[in-house]
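FYI, it's all coordinate maths here, none of it is from the lab. As the structure is a computational prediction, the values presented were derived from the model and not from experiment. Ideal geometry is used to build each Cβ from the backbone, glycine not excepted, and the neighbour counts take in all protein chains shown.
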Amino acid sequence: MVLPVYTFLFADLCDYTEGTWIHGDDWSAEVAVGFQELCMDLAAEECCEFVKSSGDAVMIRTADGQQALRLARRIHAATAARGYPQVRIGIDTGPAVPRAGDWYGTTVNTAARVSKEAAPGELLMTDRARAAAFDCAELRTHALGYRPLKGLPKCRLHATVAFAPMAELALA
């Protein structure tokens, strides 16, 4: 059976644990829930599926790579505008299996591992995700070479380099 191809985006707040230690539990709850709600709203506006959240991280499924890039740009812009900690984002494109309201498979695992490789404020993507977003005129990437990902074969990653102005992307 051939599975449909989707793009998965994982995003999480950088230095969240340290922020919890410094600012306290109320701060951490407010920031995590605010980030989750923000991502949920942005995903809905981009017609993407907000799959789940876990603490300070979110998982979102999109129909194509260009949607994922737009959403990633908007997440970065909106979190910065709200004074949240920087976000790191990882994206992969490929087949996945739905079960009980969640998604499973190598593509999902790869996107999660790629997000862990991203630096604060960075968006990293696999070759497959870059190819899926190839028609995006605003996309410029820098190849980072092959990186080991925990539990997976080495994967060639790309970092975004430049986008069109992001002022229009932040929520009012």
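For the chain, calculate the relative contact order in percent as a whole number, restricting contacts to Cα pairs under 8 Å that are 6 or more residues apart.
24 percent
First select every other residue whose beta carbon is under 15 angstrom from the beta carbon of PRO85; then total the charges, Lys and Arg +1, Asp and Glu -1. It would help to have the intermediate numbers written out before the result.
Numbers: positive: ARG82, ARG88; negative: ASP12, ASP15, GLU18, GLU30, ASP56, GLU122.
After counting each charged neighbour, the total is -4.
Fewest Cβ neighbours within 10 Å first, please rank LEU9, LEU144, LEU69 accordingly.
By the 10 Å Cβ count, ascending, the order reads LEU144, LEU69, LEU9.
What residues qualify as long-range amide H neighbours of LEU144, i.e. H under 5 Å apart, gap of 5 or more or another chain, H built at 1.01 Å from N?
The answer is LEU157, HIS158, ALA159.
Under a crude label model (7 Å from the Cα following the beta-carbon direction), how far is MET40 from LEU144 in nanometres?
So the label points at MET40 and LEU144 sit 3.0 nm apart.
Could you compute the FRET efficiency for ALA119 and VAL97, with r as their C-beta to C-beta distance and R0 at 35 Å, rounded to 0.05? Before the final figure, lay out the partial values.
On the way: r = 31 Å, r/R0 = 0.87.
Working from the Cβ atoms, E equals 0.70.
All other residues with a Cβ under 12 Å from the Cβ of LYS116 taken together, and with Lys, Arg as +1 and Asp, Glu as -1, what is their net charge?
Here the charged neighbours net out to +1.
In the Gaussian network model of the chain, springs joining C-alpha atoms below 10 Å, which of CYS39, CYS48, CYS155 carries the largest mean-square fluctuation?
Maximum fluctuation in the GNM of the chain, among the listed residues, is at CYS155.
Return the long-range amide H neighbours of GLU46 (sequence gap of 5 or more, or a different chain), with a cut-off of under 5 Å between placed amide H atoms.
Placed amide hydrogens put nothing under 5 Å from GLU46.
Can you compute the modelled spin-label distance between ARG156 and GLU18, with each label point 7 Å from Cα toward Cβ, in nm?
Going from the ARG156 label point to the GLU18 one covers 3.3 nm.
Would any residue of region 103-123 have its amide N under 15 Å from a label point 7 Å out along Cα→Cβ of ALA80? List them or say none.
Under cut-off, by backbone N: 119-123.
Sequence neighbours fewer than 8 away in the same chain don't count; with that in mind, list the aspartates and glutamates whose C-alpha is under 17 Å from LYS52.
Result set, ordered by chain and number: ASP12, GLU37, ASP41, ASP92, ASP102.
Between ASP64 and ASP25, what FRET efficiency comes out of the Förster formula 1/(1 + (r/R0)^6) with R0 = 45 Å and r the beta carbon distance, rounded to 0.05? Present the calculation step by step, with values, prior to reporting the outcome.
Numbers: r = 39 Å, r/R0 = 0.86.
Between ASP25 and ASP64 the formula returns 0.70.
Rounded, prolate or oblate for region 1-78? Axes are the square roots of the Cα gyration tensor eigenvalues, ordered a ≥ b ≥ c, and the cut-off for rounded is a/c under 1.5.
prolate
Suppose we keep just the DSSP beta bridges with both residues in the chain; what percent of those would be antiparallel, to 5? Working shown, then result.
Details: 34 of 37 bridges.
Counting only bridges with both partners in the chain, antiparallel ones make up about 90 percent.
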